[in-house]
Structure formats: C-alpha cells, structure tokens
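Have a look at the structure below, then the notes.
The values are calculated or read from the model by the stated rules, or taken from the named source; none is laboratory data. As the structure is a prediction and not an experimental result, all values here were calculated from the model. Every residue, glycine as well, gets a Cβ built from its backbone with ideal geometry; the counts of neighbours run over all protein chains shown. These area figures cover heavy atoms from the full protein model, side chains too; ligands, DNA and RNA do not enter into them. Shrake-Rupley method; radii C 1.70, N 1.55, O 1.52, S 1.80 Å.
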Amino acid sequence: TQLLEQSPQFLSIQEGENLTVYCNSSSVFSSLQWYRQEPGEGPVLLVTVVTGGEVKKLKRLTFQFGDARKDSSLHITAAQPGDTGLYLCAGTDSWGKLQFGAGTQVVVTP
Amino acid sequence: GAVVSQHPSRVICKSGTSVKIECRSLDFQATTMFWYRQFPKQSLMLMATSNEGSKATYEQGVEKDKFLINHASLTLSTLTVTSAHPEDSSFYICSARTPRGGYQPQHFGDGTRLSIL
C-alpha cells in the first residue's frame, strides 16, 4: 500500500497570511491530485500534477510536484476566509486507485 | 467540467432497513466509478471499485454482501447498504473517472449522509 503523509493536520491563520501544506510518500505516484472539501460536501478537484518537477498555479494557489513524483506541496498566498476547508492530496497508484492523505484542515479568520 | 450527481444527500432510517444510494455521471460516460466512506474529521476510505457490466472489486475488509454495488450503465452506479445498523452510519461518497485517453482525475459527488437509528 502506498501511503501519503499530509502535514500539518490543522492550520489556523489570519486573512492575508500565507500557508503551505505538504504531502509526502516513500512511493512514486503516476499523478497526484489536490482536492478541497467543505463540510457535508464531496471533494472538489483543484489540480492534477503529472510530471516530476511540475508547478501549477491557480490564482493564489501554487502546486508543486516533486522531481521524483513522491511528494507535493500546496501554497496559498494571501489567504482569504473563502479558502477555509479540508485540503486533501491523493495519489494515483498503479491500479488506478486514489490513495488519500489524512487531510489538512485550514481555517482562515477575517 | 465533469459533473457527478449523488442521491439522496441525506438518509435517516431505522436499523434493519436497506438503503440505496445512486451515483450518476451527468455529462460523461464513466466505465469506472468508486465508492468511498468518510468518518468525521477523517479522510476518504475506498470501499470498492465499480466497473460497468462486471462485478465490483471490493477493498480488503469491506463486506460485499453488506454493501451491494451495481453498475448497470455507463452513467449510473448504485450502492445498497443492506440491513443497515447504527455502525453503518457514515458519509458515503462516490466518484467517477472520465474514460478519455491519458490520465483523467476522479470527480466526486456531493456525498450521502447516512444515519441509522
């Protein structure tokens, strides 16, 4: 089983601050996705990274995929209260299944 | 983007009842759908992979007779929780993957909150 370790588990910051969430594994994934989930709803796909070393930007969110395709990070610049949610990383294993990290609960206060 | 609809969004029923949850891909055909379970403040746990026209593949520890999965068409998969008990109360989420070539991510439904009294 390929395990994804996500850190930190919880982040509470003030509006305007920056934050970074990390996703690490000892195994290689063919691709990695980041999702955001709000209470009572399903995860919403933010980005998919496929190529080692890849960097993708989505407005104030920057996603990086490690060169060895074992780790990834999500950086949010100038966080806003609307960024509050559970952030999940998920890697696609050799069977095409998603292996999820434990999630990072982000709370951005005004 | 790809849209996955899940119904119902919430179910409250008595112990012993069987409950059916539907997962539909609205704007694409999904040869593969996935069913997950999520406990409060925890991540998603894969229960089974649903393949159109064939038997579902269950993850270790998931009772196939308890959680019946049917994927009769390219746009619909159903999960039936048979003779549900309070310990089956949870948030159940489905996802579907578009069949286009190359890597395609999974898109999730909005989940079903199941509460067994």
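Residues that are closer than 18 Å to B:Glu87 by Cα and open to solvent by 70 Å² or more (accessible area, probe 1.4 Å) within region B:40-59 comprise B:Pro40, B:Lys41, B:Gln42, B:Met45, listed in sequence order. Would you pick out the residues in region A:62-77 that are surrounded by 14 or more Cβ atoms within 10 Å (Cβ to Cβ) and either part of a strand (DSSP E or B) or aliphatic (A, V, I, L, M) (or both)? Those that are surrounded by 14 or more Cβ atoms within 10 Å (Cβ to Cβ) and either part of a strand (DSSP E or B) or aliphatic (A, V, I, L, M) (or both): A:Thr62, A:Phe63, A:Gln64, A:Phe65, A:Asp71, A:Ser72, A:Ser73, A:Leu74, A:His75, A:Ile76.
Taken over region A:78-110, the residue count meeting the criterion of being open to solvent by 60 Å² or more (accessible area, probe 1.4 Å) and polar (S, T, N, Q) is 3. Beta carbons closer than 8 Å, at least 6 apart along the sequence or on distinct chains, pair a first residue in region B:1-23 that is within 14 Å of another protein chain (Cβ to nearest Cβ) and among the aliphatic types (A, V, I, L, M) with a second that is open to solvent by 60 Å² or more (accessible area, probe 1.4 Å) and part of a loop (DSSP other than H, G, I, E, B) for B:Ala2/B:Asp27; B:Val3/B:Leu26; B:Val3/B:Asp27; B:Val4/B:Leu26.
Just for strands (runs of 3 or more DSSP E) wholly inside region A:1-59: which have at least 3 residues that are without any contact (Cβ under 8 Å) to a residue 12 or more places away in the chain and over 26 Å from B:Gln38 (Cα atoms)?
Working: elements: A:5-7, A:10-14, A:19-24, A:31-37, A:44-49, A:55-58.
Where strands (runs of 3 or more DSSP E) fall fully within region A:1-59 and carry at least 3 residues being without any contact (Cβ under 8 Å) to a residue 12 or more places away in the chain and over 26 Å from B:Gln38 (Cα atoms), they are A:55-58.
Restricting to region A:56-110, count the residues that are of a type in the set (A, V, I, L, M) and more than 14 Å from chain B (Cβ to nearest Cβ).
Our first condition is that a residue be of a type in the set (A, V, I, L, M); within region A:56-110, this holds for A:58, A:61, A:68, A:74, A:76, A:78-79, A:86, A:88, A:90, A:98, A:102, A:106-108.
Retained after the next criterion (residues that are more than 14 Å from chain B (Cβ to nearest Cβ)): A:61, A:68, A:74, A:76, A:78-79, A:108.
So the answer is 7.
Inside region A:4-19, can you point out the residues that are open to solvent by 40 Å² or more (accessible area, probe 1.4 Å) and not charged (D, E, K, R)? Result: A:Ser7, A:Pro8, A:Gln9, A:Phe10, A:Ser12, A:Gln14, A:Gly16, A:Asn18. Condition (residue is part of a strand (DSSP E or B), among the small types (Gly, Ala, Ser), buried (at least 18 other Cβ atoms within 10 Å of the Cβ) and touching a Leu at 6+ places or on another chain (Cβ under 8 Å)) applied to region B:63-81: is it met by at least one residue? Within region B:63-81, not a single residue is part of a strand (DSSP E or B), among the small types (Gly, Ala, Ser), buried (at least 18 other Cβ atoms within 10 Å of the Cβ) and touching a Leu at 6+ places or on another chain (Cβ under 8 Å). Going through (1) part of a loop (DSSP other than H, G, I, E, B); (2) open to solvent by 70 Å² or more (accessible area, probe 1.4 Å) one by one, B:Ser15 falls short only on (2).
The residues of region A:1-35 that are within 11 Å of chain B (Cβ to nearest Cβ) and closer than 13 Å to A:Thr104 by Cα, listed by number, are A:Leu4, A:Gln6, A:Gln9, A:Phe10, A:Trp34, A:Tyr35.
Quick check on this structure: which one of B:Arg113, B:Arg97 is open to solvent by 10 Å² or more (accessible area, probe 1.4 Å), within 14 Å of chain A (Cβ to nearest Cβ) and closer than 23 Å to B:Lys14 by Cβ? If you could, list the steps in order and put the result at the bottom.
On the way: B:Arg97 fails: closer than 23 Å to B:Lys14 by Cβ.
Result of the check over B:Arg113, B:Arg97: B:Arg113.
Do the conditions hold for B:Asp27, that is, is it within 12 Å of chain A (Cβ to nearest Cβ), in contact (Cβ under 8 Å) with a residue 24 or more places away in the chain, open to solvent by 70 Å² or more (accessible area, probe 1.4 Å) and not in a strand (DSSP E or B)? It is false that B:Asp27 is within 12 Å of chain A (Cβ to nearest Cβ), in contact (Cβ under 8 Å) with a residue 24 or more places away in the chain, open to solvent by 70 Å² or more (accessible area, probe 1.4 Å) and not in a strand (DSSP E or B).
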